[in-house]
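Just below is one structure, and these are the notes that go with it.
The values are calculated or read from the model by the stated rules, or taken from the named source; none is laboratory data. Computed from a predicted model, the values in this text were never measured in an experiment. Please note: Cβ atoms are built from the backbone with ideal geometry, for glycine as well, and neighbour counts cover all protein chains shown. Side chains included, ligands, DNA and RNA excluded: accessible areas come from the protein's heavy atoms. Shrake-Rupley method; radii C 1.70, N 1.55, O 1.52, S 1.80 Å.
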Amino acid sequence: MSKSIASSKQGSSWMNGQHYSIIVTTGETKQQIADLIREKSPGNAVHIENSAALLLYSLDYTNIKLSFDIEGGEFDITNQYEPLLIGTLDVGIAMQNAALAAESLGYGIVYSGGLRYFGDSISELLNIPETALFICGLSIGGIDEELSTEKVKPRLPEEANVGYNEFPKSNVEVLKEYRQTMIDFAEARETKTWTKKFADFYAQPSGIEKVTKKLLEKNGFVSEKE
């Protein structure tokens, strides 16, 4: 675990600001989180329980606020877009570094962005301050050899999201082909095709949207008052 944490912290960040925090949960605390989400998210509860540790990553401006305390001035990033993008990017880089380090050592990992649905309860449980915003969880543990497969999940064809000296030129036919690739790969594990899953998800705000909006407003990142 120490190597994953060290790798996570060594990742690049905006201006070396390291706009994130990591909460390593184990034992009783990890179990409390699993119990908290079990009714609405049983799948996530299972991998959390079976993990050696659950790392919870938050976009975090606590240390930036403390810098204002040292240097003087008033810390206020309300209704600014860049701080949210900067912090979220820093979290993503830090999480991926932790995941790569864990996998290089033979451990398994599961990302859990769906935990944001319980962001208010998790924030209360772990005393996440108003200068931070919970973003995502990362379970790390031993691999279940009976459930594990050697399959590597297919990604979008290069023409769908990679361009050379210009923006990629994705199209309906490319996505239809990828949809079939994922049907062949996922077999009976998926209840919707790739295109249907995302057309449904983004058709209207998700349940997570309401929780995220509430936390953004509560923690002062956004305000309806201009």
Query raised in the report: Residues in segment 1-49 that are in contact with a Ser or Thr (Cβ under 6 Å, 6 or more places away or on another chain), over 15 Å from I122 (Cβ atoms) and polar (S, T, N, Q): how many?
Result: 0
Query raised in the report: What are the residue pairs meeting all of these: first residue in segment 164-179, first residue under 21 Å from A199 (Cβ atoms), second residue among the aliphatic types (A, V, I, L, M), Cβ atoms under 6 Å, and 6 or more apart or on different chains?
Result: P168/V162; S170/A160; V174/A160; Y178/L156
Requested in this report: Could you give me the residue pairs with C-beta distances under 9 Å whose first residue belongs to segment 21-43 and is hydroxyl-bearing (S, T, Y), whose second residue is assigned to a helix (DSSP H, G or I) and open to solvent by 70 Å² or more (accessible area, probe 1.4 Å) wherever it lies, and which are 6+ apart or on separate chains?
Outcome: S21/N63; T25/Q32; S41/Y117
Report summary line: Only unsatisfied item for F118, checking (1) open to solvent by 40 Å² or more (accessible area, probe 1.4 Å); (2) under 24 Å from K218 (Cβ atoms); (3) in contact with a helix residue (DSSP H, G or I) (Cβ under 6 Å, 6 or more places away or on another chain), is (1)
Report task. Provide a single number: the residues in segment 152-165 that are assigned to a loop (DSSP other than H, G, I, E, B) and open to solvent by 90 Å² or more (accessible area, probe 1.4 Å). Result -> 5
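What is the residue count in segment 166-184 for residues that are open to solvent by less than 60 Å² (accessible area, probe 1.4 Å), farther than 18 Å from K151 by Cβ and assigned to a helix (DSSP H, G or I)?
2
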**Report entry** Of all residues making up segment 44-61, the number that are touching a residue at least 24 places away in the same chain (Cβ under 8 Å), open to solvent by 40 Å² or more (accessible area, probe 1.4 Å) and in a helix (DSSP H, G or I)
**Finding:** 1
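Restricting attention to segment 131-151, report how many residues are at pLDDT 95 or above and open to solvent by 20 Å² or more (accessible area, probe 1.4 Å).
If we filter segment 131-151 for residues that are at pLDDT 95 or above, which is where we start, we get 131-141.
Subsequent filtering for residues that are open to solvent by 20 Å² or more (accessible area, probe 1.4 Å) retains 131, 135.
Counting residues in segment 131-151 that are at pLDDT 95 or above and open to solvent by 20 Å² or more (accessible area, probe 1.4 Å) gives 2.
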Requested in this report: Enumerate the pairs (first residue in segment 109-129 and farther than 15 Å from V24 by Cβ; second residue anywhere and surrounded by fewer than 17 Cβ atoms within 10 Å (Cβ to Cβ) and modelled with pLDDT of 95 or more) with beta-carbon separation below 7 Å, excluding pairs fewer than 6 apart on the same chain, so at least 6 apart or on different chains.
Outcome: P129/T62
Report summary line: In segment 185-226, residues that are small (G, A, S), open to solvent by 70 Å² or more (accessible area, probe 1.4 Å) and modelled with pLDDT of 90 or more total 1
Report summary line: Quick count over segment 14-43, residues being outside any helix (DSSP H, G or I) and over 19 Å from P129 (Cβ atoms), is 5
